[in-house]
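Asker: This is the structure I have questions about; it appears just below.
Just so it is clear, none of the values below were taken in a lab; they were calculated from the coordinates. None of these values were measured; they are calculated from a predicted model. Backbone-built Cβ (ideal geometry, glycine too); neighbour counts: all protein chains shown.
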Amino acid sequence: MENIKSYVQQHKDRFINELIELLKIPSVSADTAYSQDVIDTAEAVKESLSKAGCDLVEVCDTPGYPIIYGEKIIDPNLPTVLVYGHYDVQPPDPLELWTSPPFEPVIKTTDIHPEGAIFARGACDDKGQMYMHVKALEYMVQNNNLPCNVKFMIEGEEEVGSASLAWFVERNQEKLKNDVILISDTGMISNQQPSITTGLRGLSYVEVEVTGPNRDLHSGLYGGAVANPINILAKMIASLHDENNHITIPGFYDKVQELSAEERAEMAKAPFSLEKYKNALNIADVYGEKGYVTNERNSIRPTLDVNGIWGGYTGEGAKTVIASKAFAKISMRLVPNQEWEEITALFTKHFTSIAPAGVTVKVTPHHGGQGYVTPIDSIGYQAANKAYTETFGVPAIPVRSGGSIPIVALFEKELKSKTILMGFGLDSDAIHSPNEHFGIFNYLKGIETIPLFYKYFVELSK
Ligand code: BES
Ligand code: MN
Ligand code: MN
């Protein structure tokens, strides 16, 4: 594929401008105020797949946002690659921390991206990474070198738990039949050192509500005599970790897959600088579970984090009040072989049991999903590694990520196929944060690397 490089060079301005247009539509799935925009984005994705050369493209209705399905079947006897991605994005807030508006994409340079990066919500997660696949298809169709069949499934609810996708996959197993699933919705180590994600963490996400007295009370008249739900909630949350930062929920670690000393030594070979890590976050030290290093804490170990906590008076000035209720949103990142429903049940039981008699506790599960690990001796992994080696000049390193794409485990269960996570983002791209961006280098390298995956996957499948 000599000419993929020159095709990208020749068309890069258009590739960038098309992505910018897609990024202008604020497809925030979590907030119903944006629902028309989410639907408009689905339409735009459909158009782009038709233009790139799919023979069939459908906007599939679901109980939630539509799923875009596209395909180009050139020969039923050849392998089929199923590309998954998502066109929805995270809410952009806090808006005041963006240096340019989240839905008015601009190209700016950074230390890590001297050739420029597109700043916009969704630039990396996942519109930019999803669109690389659309442009890779365009190249293969234009140059008559698509070596196998391809199917696309692009959803609009990934950031809110993929409920409709689970529904869709269960009902469309035949349509989605494939030999490998290809996803670009993760990251790599650096622009000099590609990596392939071989693991994702699972997730259990719950909301807790602690109720004390039946109304807000004067904190002088009642303070000291009744349980303050906010004080109690803070205490309960604090008790969920012990002095070694182990999680105290009984049974929480029972099914955790421990890695062997060899596997941990292998992991430690990935390049990592603790100094750079701390500097990038402006922290004096890291923090986490005793007995594990940073790269283990955020990938092979389960965690529990409060994502939001509220209650009482938070307005201007001071109000003396004991609130009737306190709330928190808590996520637990899980590792193989923890079962997310079981962990949710263990949490609920424990959290309810540690509440003092002066309050009542309600736990509401939000969503969850299983973790994922994939072997490195599969044809898919080998093909991805050959593709990266060719475009970056060095082999990719296998890395287990701390993030979650819960639908990946479901794909394996329902569609019986392995997923290859070919991510081109960087941890510093600020996904889910203000000033999310995606390097132009990364975007174009992705478009260059993907057709090689197809080529080597077909070759190795023979
Ligand atoms: N693309 C991310 C997940 C990701 C990012 C994995 C980088 C590995 C490296 C995805 O869009 C995401 O944000 N997932 C959520 C879970 C989902 C159920 C809301 C997450 O990990 O918080
Ligand atoms: Mn994503
Ligand atoms: Mn995300």
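Asker: With +1 on the Cβ of every Lys and Arg and -1 on the Cβ of every Asp and Glu, and nothing else charged, how large is the dipole of the range 128-235 about its Cα centre, in debye rounded to the nearest 20?
Answerer: Rounded to the nearest 20 debye, it is 160 debye.
Asker: Let me ask something else about it. So how many Lys-Lys pairs in the range 1-133 land under 25 Å Cα to Cα, not counting same-chain pairs under 8 apart?
Answerer: 20
Asker: ³J(HN,Hα) across the range 445-462 via Karplus (A = 6.51, B = -1.76, C = 1.60, θ = phi - 60°), whole Hz, x for Gly/Pro?
Answerer: Whole-Hz 3J(HN,Hα) from phi for the range 445-462: 4, x, 4, 6, 7, 4, x, 5, 4, 4, 4, 6, 5, 5, 4, 6, 7, 5.
Asker: Among Asp216, Asp185, which comes first, then next, by fewest other beta-carbon atoms within 10 Å?
Answerer: The most exposed by this proxy come first: Asp216, Asp185.
Asker: Here's something else I'd like to know. So for the chain, taking the charge dipole from beta-carbon charges (+1 Lys/Arg, -1 Asp/Glu), which of Val141, Tyr65, Val256 sits furthest toward the positive end?
Answerer: Value computed over the given set: Val256.
Asker: Taking the range 276-395, how many lysine pairs are there with alpha carbons less than 25 Å apart, if each pair must be eight or more places apart or span two chains?
Answerer: 9
Asker: If you project the alpha carbons of the range 1-86 onto the principal axes, what extent comes out on each, in Å, largest first?
Answerer: The principal-axis extents, from largest down, are 46, 35, 17 Å.
Asker: Over the Cα atoms of the range 88-175, Rg to Rh with Kirkwood Rh, two decimal places?
Answerer: 1.07
Asker: While we're here: Using only Cα atoms, tell me the angle between helix 379-392 and the longest principal axis of the chain; keep it within 0 to 90° and round to the nearest 10.
Answerer: Tilt of helix 379-392: around 80 degrees.
Asker: Rounded to the nearest 5, what % of DSSP beta bridges with both residues in the chain are antiparallel?
Answerer: The antiparallel proportion sits near 70 percent.
Asker: Counting other C-beta atoms within 10 Å, which of Asp126, Asp285, Asp37 has the fewest, and how do the rest follow?
Answerer: Fewest to most other Cβ atoms nearby, the residues stand as Asp285, Asp37, Asp126.
Asker: What fraction, in whole percent, of alpha-carbon pairs in the range 157-244 exceed 20 Å separation? Could you put the intermediate results ahead of the total?
Answerer: On the way: 2596 of 3828 pairs.
It works out to 68 percent of all Cα pairs.
Asker: Counting just the Cα atoms, what span does the range 6-147 cover along each of its three principal axes? Round to the nearest Å and put the largest first.
Answerer: Projected onto its principal axes, the Cα set of the range 6-147 covers 53, 42, 20 Å.
Asker: Would you mind checking the tilt of helix 127-142 against the longest principal axis of the Cα atoms of the chain, expressed as 0 to 90 degrees and rounded to 10?
Answerer: Tilt relative to the chain: about 10 degrees.
Asker: Taking the square root of 5 times each eigenvalue of the Cα gyration tensor, what semi-axes in Å does the equivalent ellipsoid of the range 237-326 have, largest first?
Answerer: 35, 20, 9
Asker: Follow-up. Just round it to a whole percent: the fraction of Cα-Cα distances in the range 128-187 exceeding 13 Å.
Answerer: 71 percent
Asker: Report, in debye and to the nearest 20, how large the dipole of the chain comes out about its Cα centre when Lys and Arg carry +1 and Asp and Glu carry -1 on their Cβ.
Answerer: Values: 40 positive and 59 negative charges, 114 e Å.
The calculation lands at about 540 debye.
Asker: Continuing with this model, one more query. Mind checking the angle between helix 340-353 and the chain's longest principal axis? C-alpha axes, 0 to 90 degrees, to the nearest 10.
Answerer: 10 degrees
Asker: Counting other beta carbons within 10 Å of each Cβ, put Met267, Met422 in order, fewest first.
Answerer: Met267, Met422
Asker: While we're looking at this one, here's another question. Projected area of the range 38-105, taken from the Cα convex hull and averaged over every viewing direction, in nm²?
Answerer: 6.5 nm²
Asker: Another question, if that's okay. With only alpha-carbon pairs counted, each pair once and no self-pairs, how large is the Kirkwood hydrodynamic radius of the range 101-236 in angstroms?
Answerer: Kirkwood hydrodynamic radius for the range 101-236: 20.6 Å.
Asker: So, one more: If the cut-off is a Cα-Cα distance under 16 Å, which lysines reach Lys418, setting aside same-chain residues fewer than 8 apart in sequence?
Answerer: Lys151, Lys177
Asker: Roughly what % of Cα-Cα distances in the chain sit above 36 Å, to the whole percent? The partial results should precede the final answer.
Answerer: Values: 33604 of 106491 pairs.
Summing the P(r) of the chain above 36 Å gives 32 percent of all pairs.
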